[in-house]
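Only one structure is covered here, and it is reproduced in the block below.
The values are calculated or read from the model by the stated rules, or taken from the named source; none is laboratory data. All of these numbers come straight from a predicted model, not from anything done at the bench. Cβ: placed from backbone, ideal geometry, glycine included. Neighbour counts: every protein chain shown.
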Amino acid sequence: MDEIFRRMERAGRTDVNNLIQWLKDSKVIETARDEEVRQLFSVAVDETKVELEKFKEVIACLAVQQVKTAEQLSNQLAEAAPKIIDAACVGLLAFKEALAEQTKKCDK
């Protein structure tokens, strides 16, 4: 999970919204718990760029609530990450293609 988080960090995708989406996509949390989990992040110094250690603290709190270990939740996140990263890449590719198409229209 750490390596995946670092890749997200390099891509500038470690804001609270993206991390909550990762938790939902990995089925670590349900959509109904968004606000509750958002409050766990609220003590983060910068909600637009959450540090790995803070994310691990949130995972630890969620693990206690779910009567699981932080390692179990970390593994669950790591297993779902390739799908999430692939989906993000597909979205980025579609955006680039749309931008290129728009640029062609403007050049005419």
Notebook entry, point to check: Can you find even one residue in region 65-82 that is buried (at least 18 other Cβ atoms within 10 Å of the Cβ), under 13 Å from the mean Cα position of the chain (by Cα) and not in a helix (DSSP H, G or I)?
Noted result: no
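Just checking, which of GLU57, GLU35 is exposed (fewer than 15 other Cβ atoms within 10 Å of the Cβ) and assigned to a helix (DSSP H, G or I)?
None of the others qualify; the one that does is GLU35.
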Next item on the list: Quickly run through region 27-54 and pick out the residues that are within 17 Å of GLU9 (Cβ to Cβ) and either hydroxyl-bearing (Ser, Thr, Tyr) or touching a residue at least 60 places away in the same chain (Cβ under 8 Å) (or both).
Entry: THR48
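Looking at ALA98, ALA63, which is the one that is of a type outside the set (D, E, K, R) and at pLDDT below 90?
Going through ALA98, ALA63 in turn, just one is of a type outside the set (D, E, K, R) and at pLDDT below 90: ALA98.
Residues to consider are LYS83, LYS68, LYS105; find the one that is at pLDDT 70 or above and of a type in the set (Lys, Arg). Break it down into steps so the answer makes sense when it comes.
Values: LYS83 fails: at pLDDT 70 or above; LYS105 fails: at pLDDT 70 or above.
Step by step, each of LYS83, LYS68, LYS105 is checked, and only LYS68 is at pLDDT 70 or above and of a type in the set (Lys, Arg).
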